[in-house]
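K.L.:
Here's a structure for you.
The values are calculated or read from the model by the stated rules, or taken from the named source; none is laboratory data. From a predicted model like this one, the values you see are computed outputs, not experimental measurements. Quick reminder, even Gly has a Cβ in these numbers, built from the backbone with ideal geometry, and neighbours come from all protein chains shown. Just the protein is used for accessible areas: all its heavy atoms, side chains included, with ligands, DNA and RNA removed. Shrake-Rupley method; radii C 1.70, N 1.55, O 1.52, S 1.80 Å.
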Amino acid sequence: MARKVLVLGEVRDGSLRNVSFEAIAAAKTISEGGEVVGVVAGKEVSGLAEALIRYGADRAVTVEHDDLGQYTSDGFSQALLAVIESESPEGIVMGHTALGKDLAPRIAGKLNSGLISDVTSLEEAGGNLVFTRPIYSGKAFEKKIITEGLVFITIRPNNIESLQQDSGRTGETSSLSVEIKNLRTIIKDVVRKASEGVDLSEAKVIIAGGRGVKSEEGFAPLKELAEVLGGAVGASRGACDADYCDYSLQIGQTGKVVTPDLYIACGISGAIQHLAGMSNSKVIVAINKDPEANIFKVADYGIVGDLFEVLPLLTEEFKKL
Ligand code: FAD
């Protein structure tokens, strides 16, 4: 059944996040030959609409308003509901990011619709669209179908491959003016901690350190390897609790959920709460002194050894490539 599907492009620091393009690829499958409409909401964002088209959207709608400069639940739900009212889509896709986790259930509630969140893959099978999502902290997967109504999903970043960018692709871009009213929260300023290098949640390569790293300085060989591989540095809660690094690096059940192409766990034992955040990574390499460490159970490649000896050797070899 051909559907019109809206995709929310997510803006950060003036650019669209990669998950926006992954959402377009998901929307293409859901649309089953129908129309994919990209949506960008914010302040001065009209220049971003074409990027959604280059990645596969058929056309794009921008909603610009001074009160959309920073994300607020109230402001963005009003903006998106206005687009939904004007477009009457049969499907909606957005990223399962901090923004999507807040906005999608709110919109679904307002529309009295269902929502499948945190989708990691989707396929057409037996005449149905089948959505797969992890449950029980990634220990199992469930497959779901939507029997009627809006096909509304959020997708986990880094799981659904975006289409190749086509710089010659064109499509109509339009703007919708909306009235944003009765905002209960207004964000005056965002003060961000200075962060180094690649964004953890979108990184293709993550070098993560645990308590085995032993100190803040102990993260130096991890940072060096991350730099050589163009990756990001992450951590276990053990390392964060020990004050070796900032909590913004924490991966796991109470930290970030990541699915990079390559995850190198250094001096991490593999507690169930840590695995909840990284076990769906495509390739897992574990470096640990203890051959019985639990992390080896989920690792594709295991190196039993001292991380301070193994990491410099790996960095040296990767530098040669
Ligand atoms: P440890 O378990 O102490 O492991 C250190 C490892 O380093 C050991 O395996 C050791 O053999 C190895 N090692 C030591 N020296 C070296 C060396 N030189 N070279 C190589 N290996 C070495 N944890 C998370 O990570 N993320 C979460 O989100 C999270 N949420 C939690 C939520 C709850 C409610 C609870 C109760 C716990 C949570 N935890 C979480 C904590 C989790 O249970 C573990 O305590 C934590 O993951 C352990 O961190 P670690 O593996 O770095 O430390």
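K.L.:
Restricted to the range 274-310, and to residues that are surrounded by fewer than 16 Cβ atoms within 10 Å (Cβ to Cβ) and part of a helix (DSSP H, G or I), which residue is farthest from the ligand (Cβ to nearest atom)?
P.N.:
Within the range 274-310, the first condition is being surrounded by fewer than 16 Cβ atoms within 10 Å (Cβ to Cβ), and the residues that meet it are 282-283, 289-292, 297, 300-301, 304-306, 309.
Subset that is part of a helix (DSSP H, G or I): 297, 309.
On the way: LYS297: 12, GLU309: 8 Å.
Looking at the filtered set, the residue picked out is LYS297.
K.L.:
Test SER201 against the criterion of being of a type in the set (Gly, Ala, Ser) and more than 16 Å from the ligand (Cβ to nearest atom), and give yes or no. Step through it out loud before you land on a result.
P.N.:
Details: of a type in the set (Gly, Ala, Ser): yes; more than 16 Å from the ligand (Cβ to nearest atom): no.
So SER201 does not fit the description; no.
K.L.:
Among all residue pairs at least 6 apart or on different chains, which show Cβ distances below 9 Å where the first residue, located in the range 292-308, is free of Cβ contacts under 8 Å to residues at least 24 places away in the same chain and the second is of a type in the set (Lys, Arg)?
P.N.:
ASP300/LYS282; VAL304/LYS289; GLY305/LYS289; ASP306/LYS289
K.L.:
May I ask you to list the residues in the range 251-270 that are surrounded by fewer than 22 Cβ atoms within 10 Å (Cβ to Cβ), part of a loop (DSSP other than H, G, I, E, B) and in contact with a Gly (Cβ under 8 Å, 6 or more places away or on another chain)?
P.N.:
Scanning the range 251-270 gives GLN253, VAL257, SER269.
K.L.:
Let me ask something else about it. I need the full set of residues from the range 39-75 which are hydrophobic (A, V, I, L, M, F, W, C) and open to solvent by 20 Å² or more (accessible area, probe 1.4 Å), in order please. Steps first, please.
P.N.:
Filtering the range 39-75 down to residues hydrophobic (A, V, I, L, M, F, W, C) leaves 39-41, 45, 48-49, 51-53, 57, 60-61, 63, 68.
Once the filter is applied, which keeps residues that are hydrophobic (A, V, I, L, M, F, W, C) and open to solvent by 20 Å² or more (accessible area, probe 1.4 Å), the range 39-75 yields only LEU48.
K.L.:
Would you check which residues across the range 196-250 are among the charged types (D, E, K, R), assigned to a helix (DSSP H, G or I), over 18 Å from VAL285 (Cβ atoms) and out of contact with any Ser or Thr (no Cβ under 9 Å at 6 or more places or on another chain) and list them?
P.N.:
GLU202, GLU217, ASP241
K.L.:
How many of the residues in the range 116-137 are more than 14 Å from the chain's Cα centre (by Cα), surrounded by fewer than 18 Cβ atoms within 10 Å (Cβ to Cβ) and under 27 Å from ALA276 (Cβ atoms)?
P.N.:
Result for the range 116-137: 6.
K.L.:
When VAL36 is evaluated against the numbered criteria (1) open to solvent by 10 Å² or more (accessible area, probe 1.4 Å); (2) in contact with an Asp or Glu (Cβ under 6 Å, 6 or more places away or on another chain), which criterion, by number, is the only one it fails?
P.N.:
(1)
K.L.:
Of all residues in the range 246-268, which are touching a helix residue (DSSP H, G or I) at 6+ places or on another chain (Cβ under 6 Å) and near the ligand (Cβ under 7 Å from one of its atoms)? Please lay out each step first, then the result.
P.N.:
Within the range 246-268, the first condition is being touching a helix residue (DSSP H, G or I) at 6+ places or on another chain (Cβ under 6 Å), and the residues that meet it are 247, 250-253, 255-258, 263, 265-268.
Within the range 246-268, GLN250, ILE251, GLY252, GLN253, GLY255, CYS266, GLY267, ILE268 qualify.
K.L.:
Oh, and also: What are the residues in the range 149-165 that are part of a loop (DSSP other than H, G, I, E, B), open to solvent by less than 40 Å² (accessible area, probe 1.4 Å) and either more than 27 Å from LEU111 (Cα to Cα) or touching a helix residue (DSSP H, G or I) at 6+ places or on another chain (Cβ under 6 Å) (or both), if any? Working first, answer last.
P.N.:
If we filter the range 149-165 for residues that are part of a loop (DSSP other than H, G, I, E, B), which is where we start, we get 149-150, 156-165.
Those left that are additionally open to solvent by less than 40 Å² (accessible area, probe 1.4 Å): 150, 156-158, 160.
Result: PRO157, ASN158, ILE160.
K.L.:
In addition: Could you list, in sequence order, the residues of the range 115-148 that are under 18 Å from SER31 (Cβ atoms), of a type in the set (Gly, Ala, Ser) and either assigned to a helix (DSSP H, G or I) or modelled with pLDDT of 95 or more (or both)?
P.N.:
Result: SER121, single match.
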